Amino acid sequence: MSRSESLPAALLVLRVTLAGFFLIWSVEKILAPELALRVFETFYFSSPSTTVLIVIGVLQTGVVLAFLAGVLKTWTYGLLLAMHAVSTASSWERLINPYEPPNHLFWAAIPVLGALVALFLLRRRDTLLTLRLGARRRV
């Protein structure tokens, strides 16, 4: 594989694996809202109803699937980055004390955040297996 082919392939790997990671969390809100409720109560200090959690899960799943398809990259990559940044920030207490179990697991959010930033910055180069909806032709 040449250098020019390796970047799009690497970005595809990032996009697919990140989408898989986020689908776990978005689909959980739909299939097991009681688990998502505990997360909201612990990290977001709110207790949304099951209906609200399912709606959030459906909307997030839509964003993740659009991200996976590479559609409207500025919006979908940016939304996923923003959602994960808020999620990571909400667990700041766990991040500053990584050696108290199970806090070290929260550090997995940091390289995921870094991967999202990198993918957002390189979104125009992420072309392998993407849909072209909303794309403009450049002259």
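What follows draws every value from the coordinates through simple rules; no lab data is involved. What you see is a predicted model, and the numbers here were worked out from it, not measured in a lab. Glycine also receives a Cβ, built like all others from the backbone with ideal geometry; neighbour counts cover every protein chain displayed.
Toward the positive end of the charge dipole of the chain, with +1 on the Cβ of Lys and Arg and -1 on the Cβ of Asp and Glu, the farthest Cα among A89, A32, A10 is that of A10. For chymotrypsin sites (Phe, Trp or Tyr not before Pro), the sites in the range 84-132 that DSSP calls loop and that have at most 15 other Cβ atoms within 10 Å are Y99. Of the residues W75, W25, the one with the fewest other Cβ atoms within 10 Å heads the list, and the complete ranking is W75, W25.
Based on C-alpha pairs under 8 angstrom that are at least 6 apart in sequence, the chain has a relative contact order of 31 percent. Rounded if a/c is under 1.5, else prolate if a/b beats b/c, else oblate: with a ≥ b ≥ c from the C-alpha gyration tensor eigenvalues square-rooted, which is the chain? It is oblate, given that a/c is not under 1.5 and a/b is not larger than b/c. For the chain, the longest principal axis of the C-alpha atoms and the axis of helix 3-31 are separated by about 30°. Report the calculated FRET efficiency for A108 and S49 (r = Cβ-Cβ distance, R0 = 30 Å), to the nearest 0.05. Given R0 = 30 Å and the Cβ-Cβ separation, E is 0.55.
Averaging the Cα positions of each part gives two centres, and for the range 43-71 and the range 100-134 these lie 17 Å apart. Between V86 and L122, the simple spin-label model (points 7 angstrom out along Cα→Cβ) gives 2.7 nm.
Between R3 and L133, residue separation times 0.36 nm minus the direct Cα-Cα distance comes to 44.1 nm. Of the trypsin sites (Lys or Arg not before Pro) found in the range 44-139, those in coil by DSSP whose Cβ has at most 11 other Cβ atoms within 10 Å are R132, R136, R137, R138. Cβ-Cβ distance of Y99 and V39, R₀ of 22 Å, FRET efficiency by 1/(1 + (r/R0)^6): the value works out to about 0.50.
Secondary-structure-derived ellipticity at 222 nm for the chain, considering helices only, amounts to -22000 deg cm²/dmol, per-run term -39500 (n - 2.57) for DSSP H runs with n ≥ 4.
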